[in-house]
Ligand code: CAA
């Protein structure tokens, strides 16, 4: 059954589509080249309510549902995947975690300005030696009176350089496994919080990805998110939402690559006719459209489950896995359809191809999604670490 959008969802989709294709698209190619952070896009997105989409009105958000959010995110990704990933981490992970777990004081102090788009949020879980396995992280937070002293290095942090607030995880009890991990709200400019190496990436060039270094960085006790030991669950829950967001980004980029391919095929002539007349090419377009539609339905169904308050971990992983692999197939086909022109920077498909590559990697690799999915199917809840079946 095709997912039926309500009037509000359709209205948000159409408003963001217009904004994205007029404003965001205008500078996307140039930003990819110059690696300029999309400040102007984000300012306007804040004004449009796109930076606190699922945050209630009382915290200065837009009170939209998850379905509307993923539709909006797809529309932004259609024009600029770099802008979309900033929007995704900010909304799905940072705002959502604060809304779910934050104290009233933390919501007033941090969620409100985040939702207004006064500054951007980032999420620091990954470390140089702890990617797919975040439990093995080594950043520590040691209690010292009214503060925690944070020491360690985080890696591959989206918006690490440009964020005003970062949710940072650290071990508060090294003798515990995931239950020894806590989450902290760390403001930009806190002494001992240093932005390290800026990654030089293949795609998403206008979004910064950095190391964050904490050198005896003192965090007020009031800035712990939840309680000591809650950090891993906060991260996993946040990533469930984040993964629907990556499906949305994948969908947006895939749709852009598909639309560009249809346009090109209808105009390009070879052997005396438009290449869209060749059956070989028509079948490629048919496969692309079918895969995109399948990803859309998975994304929307995971988002709707979240909106209904159901357990959607499985559907989020399925949506993320399928959509992120789909966009890599679709962008590769789009580039092939464009032939030699697709390999040049005169056409946007080479950017789509590069941008899409990380979607099967961040917020949980395809392999991790398969672990989550198979654990749910088999229901034996087998832990990854040997000898720790539960
Ligand atoms: N929701 C709530 N709780 C969850 C959960 C979920 N989705 N998944 C696991 N948990 C809980 C479990 O119930 C368990 O709790 P109890 O002990 O109380 O029962 C606890 O967490 C530990 O679970 P596991 O034993 O299953 O954990 P694990 O160490 O074996 O690993 C994993 C599970 C799924 C592999 C997880 O480690 C994982 O998702 N890894 C990938 C990490 C990842 O996605 N990193 C991306 C970095 S962020 C990023 O990319 C953002 C960006 O900037 C773009």
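What list do you get for 90, 178, 338 if you sort them by fewest beta carbons within 10 Å?
Details: 90 31, 178 14, 338 22.
The order, fewest Cβ neighbours first, is 178, 338, 90.
Give me the angle, in degrees from 0 to 90, between the Cα long axis of helix 279-307 and the longest principal axis of the Cα atoms of the chain, rounded to the nearest 10.
That works out to roughly 30 degrees.
Hey, can you rank 5-12, 73-80, 34-41 by average C-beta count inside 10 Å, highest first?
Descending mean neighbour count gives 73-80, 34-41, 5-12.
Going by alpha carbons, how many degrees (0 to 90, nearest 10) lie between the helix axis of 7-19 and the longest principal axis of the chain?
80
When the convex hull of the Cα atoms of the chain is projected onto a plane and the area is averaged over all directions, what value comes out in nm²? Write down the numbers at each step before the final one.
Values: hull surface 79.2 nm².
Computing the convex hull of the Cα atoms and averaging its projections yields 19.8 nm².
Which three lengths, in whole Å and largest first, does the stretch 178-328 cover when its Cα atoms are put on their principal axes?
Principal extents (largest minus smallest coordinate, Cα): 71, 38, 20 Å.
Based on DSSP, what percent of beta bridges with both residues in the chain are antiparallel, to the nearest 5? List each step's numbers first, then the result.
Details: 30 of 35 bridges.
Here the share of antiparallel DSSP bridges comes out near 85 percent.
Taking a quarter of the surface of the Cα convex hull of the stretch 107-159, what do you get in nm²? Intermediate values should be presented prior to the final figure.
Working: hull surface 20.0 nm².
Reported value for the Cα convex hull: 5.0 nm².
Neighbouring Cβ atoms within 10 Å as the yardstick, rank 346, 60 fewest first.
Values: 346 10, 60 19.
Final ranking by Cβ density, sparse to dense: 346, 60.
Quote the convex hull volume per residue of the stretch 194-239, based on C-alpha atoms, as a whole number of Å³. Could the numbers behind the result be given before it?
Numbers: hull volume 5.7 nm³, N = 46.
Each residue corresponds to 123 Å³ of Cα convex hull volume.
Taking the 0 to 90 degree range and rounding to the nearest ten, how far is the long axis of helix 366-378 tilted relative to the main principal axis of the chain, both from C-alpha atoms?
80
Read the figures in this text as sums done on the coordinates, not as results from a lab. Remember, predicted model here, so these are calculated numbers, not experimental data. Counting neighbours? That spans all protein chains shown, and the Cβs are built from the backbone with ideal geometry, glycine included.
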